[in-house]
Every structure is written in structure tokens, then in C-alpha cells.
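Before any comments, here is the structure.
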Amino acid sequence: MIKVLFIAPYPAMAVLIDECKAEARDLDVTVKVGNLGSAVPLAKRAEQDGFDVIISRGGTAKSIEEVTNLPVIDIHVSGYDMLRVLTLANEFPGKKAIVGFSNITLGAETITDILEFPIEVFTVERAEEVGPLIKELKDQGYSVIMGDVVTVHNADRYGMEGILIQSGREAIFDAFQRTRTIYSFYQKKQTEIDLMKAMLETEANDFVVLDHEGEIAYEQWKSISPSLIDVSELSKDGELNSQAVIKVGDEVYKVKPSVLTNGSRKYYLYSFSKLGQPIDETLIKVEHVSQLPLIIQESEQMRNCISLIGANIKKSKWALIGENGTGKGLIARYIHYLKLEGDGLFAVAMARDFLENSEVDKDIKTIYLQGIDTLDFYEQQRLEQVADYCCSIGINIIYSVLTENEGLFDSGVARIYLPSLRNRNGDIRALAAYFIADSNQSFGTSPIKIKEEALDLLEKYHWPGNVAELKAVLYDAAAAEKGYVLSTEVMGPLLESKVSSGFSIKDDFLQGTLEEIEKRIILAVMEQEDGNQTRVANRLNINRSTLWRKLKN
């Protein structure tokens, strides 16, 4: 049987419901009396008390919907109900009006027009509107007011005749029938939800679902204590966080994010699983590439590069060949997503570090290796063997190299040549627009465009640091510019300082032994990278342990 809580807004309805429920043998109906706010506590307890459906009427039904997860059936005011009260009221002398919510007034207006009853109809959205409206109607000479419980209460309060529009047997039986229909649909959907929950429990022991505001919509924790997870760090501004590995207590867990869509609403599912293979986070960085990276390709050179990637997409071993700063890391992530559509993790490591520990977790599907150029011949041969094994078990290997290395790359390697920025001049305008927009979102800078004269300066500069240098220059310019347009007054000095500093070395910089000069170079890079040893090691193509040793000496 369907267990129904029927909240009657007035006592007379409760008597009629008791008569009608005897004829609805498939419904277990409990009747309570409560109007508007007084009905809310009853509705809040209904789910806990085991009810399946709530029935009520008008404003009371609206109030209940806001505080319960159960389906709420709003009793219609039938044509019979309206005819009865209008016929009765038509015999009363004086000006008459109907005041109520739309469930009452829509039908009333039609009937009064058809029967030409001299009765005005007024619709309210909230119960708080009823009192002031009735007082105004009294001032206008109205003496009889028809409506719901709140309407009649206010009419009495102002000394007017109040007539309650009651729901008859027809409306109650109609509500019973709609209860059966809604409950059947609700049960079907609940079964689907329970099935989905069971599937989720099978797929992942620990997961959390967040809504677009970062609030928890659903969660399940079996091996992780939720107190150890900072949920606010998972989703930022309604966007997926690409963090792929987190430390929970003494354990390291993989985090797999995905988007769930329900109608127009987006939810973010984060599932956690223990890392199968321990990872030294100082040597290998693991991330989830959640969307296809944007590649600016206005120039023919970049279009050819992207076209070549598409032609080789089935290959598992790649070599990205180009100068530092040309965006090899971005292209590596582009290849990873294009091949796998976001499935599997993306890892970045120095080639020598990878040789020392080449065992990786089963969810890592692409390994991007840097520092190939610093390996000796025997290390390169060993790396080739390790790479072939990785490819045989479904892992993509992407090399980052400055120049082509015939000894390392066999015929199965897809060679992708990344043009320097000075050879893809046609992309500078679009890149500048992208970096300005990114600066706005990341740092709250004010410029939104760049003057043509300033753009000319960018296009004439030789860009030895390629796209990475362009990005740094535009970030600096955006931070310095106080207006909305990047001007030559800001851009010019920045580029001039780079040109002058690029060709000047302090007299004492190259003095002393090779070890002393090397130490000065390392310290200079450390200053540029704000002391971040991982970035320093990457720039110098050495591993972190080597860097630490050189700094200590």
C-alpha cells in the first residue's frame, strides 16, 4: 500500500477525507490538519515516519514542497467546487471578490466570465500579500471575500464576510488518482537511483559528488576517513580540479574526476583509489588531463603540426622536437587527451629519474619524458628498451627533445616538429589575446586588449624563449598596465630590457673555476624560479638529487 500523509488546511476537509479514504483501499491515508507554516513540521517528519507521498492544497502545498524530498500532490479546486461557492456568493448583496493562489483563481476567472457573475478575481504569489490586499479591497467597498483559509482568516480580521472555497469529493478522488500515478513514477526513478548507487559502490569504494557550488550532493567512504579530505580543494569555481594524486594520512591516493550531467545541472564525481605503485612526487608529477588543451593554430606552421599529430594518433611512441618554450608540454597533453579522451593519468618525469624507477601505476597511460638530451649513449639505449616495454603494456611514451636524435628514435616513433615562435608569427595576436584573458582570470589584471602598435613590437621581437617568454612578458605587462588596453608605453620598456639583458653578462660572472661558474648559474636560475627546485632541475636538465648535491658543495 502507498502510505499517504494528507495535510488538510482546514478541519472540514479532514472530515471529508476520512469519508473518501474508505473507498481507496490501496492507499494508507493518515489525515492531519495544518495550514501554511503550521503544516511544515508535519511535512518535515513525514519521510522519517515512513510516508511515501504528501497531499495538501494551495499555499500549504507550496510551503511543504520546500521542506521535503517526498512528492507533494496539490489538490486542484475543481469546477464543481468553484460553481458551488460562486452560486452561493452570488446571492449575497454587495461587492464580491475572490483572492487566492493561482490554483484557485485561474478557474474562477473563467467561470465568472462565462456566467457573467459580478465577481472580481485577484491572484497572489505569497501568503504575506493577502492581508494588505484585503484591506485595500475593504477600502474600495468590497464586503464579501472568497478564497483559501488564509483569505478567509484575513477577511474576518477586517470585519468582512469570508467564504471558504472548499474541495469536494471529486477533487479528493482526483488527488488520490494522481498520487497513484506520481508514486509509480517516483518508485521507478528511485529504483534507478538505487541501481546507480549500487553500481557506484561496485566501481569505487571512496567517492564524493559535488554540485556546481562545491556542496556535497552524495558521498561514500569505505577506506578513507572523510575528515582527512578537504572537499573545498576538489572543485574551484565550478571547474574540475586536475589534481590526480593526493596524500591522505600516510597513504597516496589517485583522484579520478568526471562530470555528471542531470538535465541542465552539472555535478562533479571524484573517486579515490589507493596508488598501486609508490610515487616519489619530487621525481614524477602525475595529473589528470580533464579536457583537450587549447592549441593556437592560426599559422600554417602550427596547423601542419596539429595535422601531423592527427595522422600519427594511433602510434604509442612520440618525439616532440623543438626549442625550449615552444609548448612541448602542452602538445604532450593534447596528444594524451586526443588518444584517450581523458581516460587514464598523465605523468611527467626527467628521463634519467625514470630510468632509475620505471615501474608506474596501472592508471598512468602517458609518460612525458624530459631531459633526453642529457643522457649518454648507453642510457639512451636503455631508455629505448624501457619505452618499448611500456608501449607493449598500453602506455604512451612522449619524448621532449631539443634536436632530432637518430640513435634514439626508431621507425615507430612519431616525430612532431614544433616551430619556434619567430617562425609562427601569425599566432602572436591570438596567443596575446589568450594570455591577456588568462592573466585577467588568474590574477585579476585589468587589460582586455592590446594596441596595434604594441602588437607590432611583439611581432618584431625575436623571442628566444618562444611561447613561454611571450606568456611571461604579457603577464608582466598586464600587471604593470593600469588601464584596459596594453600600450607601447608598457610593452616597449619590457622588451627593451629583455634585449639589453639578453646580451650582457657581468664581468665577474665567468671568473673562477668551472664549479664556481656552475654554482653561480644554478643560483641565478634559483632566483628566477623563486627557489622552486623542481622547476630549476627541469630547466637545467638535471634531477633534483643532482641539484641538491651541487647546491650543497
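Within the range 46-60, how many residues turn out to be modelled with pLDDT of 85 or more and touching a helix residue (DSSP H, G or I) at 6+ places or on another chain (Cβ under 8 Å)?
Residues flagged as modelled with pLDDT of 85 or more and touching a helix residue (DSSP H, G or I) at 6+ places or on another chain (Cβ under 8 Å) within the range 46-60 amount to 5.
Across the range 48-89, what is the number of residues that are basic (Lys, Arg) and part of a helix (DSSP H, G or I)?
2
Condition (residue is assigned to a loop (DSSP other than H, G, I, E, B), in contact (Cβ under 8 Å) with a residue 40 or more places away in the chain and either closer than 27 Å to Phe272 by Cα or not aromatic (Phe, Trp, Tyr) (or both)) applied to the range 328-348: is it met by at least one residue?
Checked the range 328-348: at least one residue is assigned to a loop (DSSP other than H, G, I, E, B), in contact (Cβ under 8 Å) with a residue 40 or more places away in the chain and either closer than 27 Å to Phe272 by Cα or not aromatic (Phe, Trp, Tyr) (or both).
Among (1) exposed (fewer than 12 other Cβ atoms within 10 Å of the Cβ); (2) at pLDDT 70 or above; (3) among the hydrophobic types (A, V, I, L, M, F, W, C), there is one condition Val490 misses while meeting the rest; what is its number?
The failed condition is (1).
Take the residues of the range 5-47 that are in a helix (DSSP H, G or I) and in contact with a Pro (Cβ under 8 Å, 6 or more places away or on another chain): which is surrounded by the most Cβ atoms within 10 Å (Cβ to Cβ)?
Ranking the candidates gives Ala39 first.
Does at least one position in the range 114-132 carry a residue that is surrounded by fewer than 19 Cβ atoms within 10 Å (Cβ to Cβ), of a type in the set (Val, Ile, Thr), under 17 Å from His76 (Cα atoms) and over 46 Å from the mean Cα position of the chain (by Cα)?
no
All but one of (1) modelled with pLDDT of 85 or more; (2) within 44 Å of the chain's Cα centre (by Cα) hold for Thr191, so report the exception by its number.
Unmet for Thr191, out of (1) modelled with pLDDT of 85 or more; (2) within 44 Å of the chain's Cα centre (by Cα): (1).
The values are calculated or read from the model by the stated rules, or taken from the named source; none is laboratory data. The structure displayed is predicted, hence computed values, not measured ones. Neighbour counts are summed over all protein chains in view; Cβ atoms, including those assigned to glycine, are modelled from backbone coordinates with ideal geometry.
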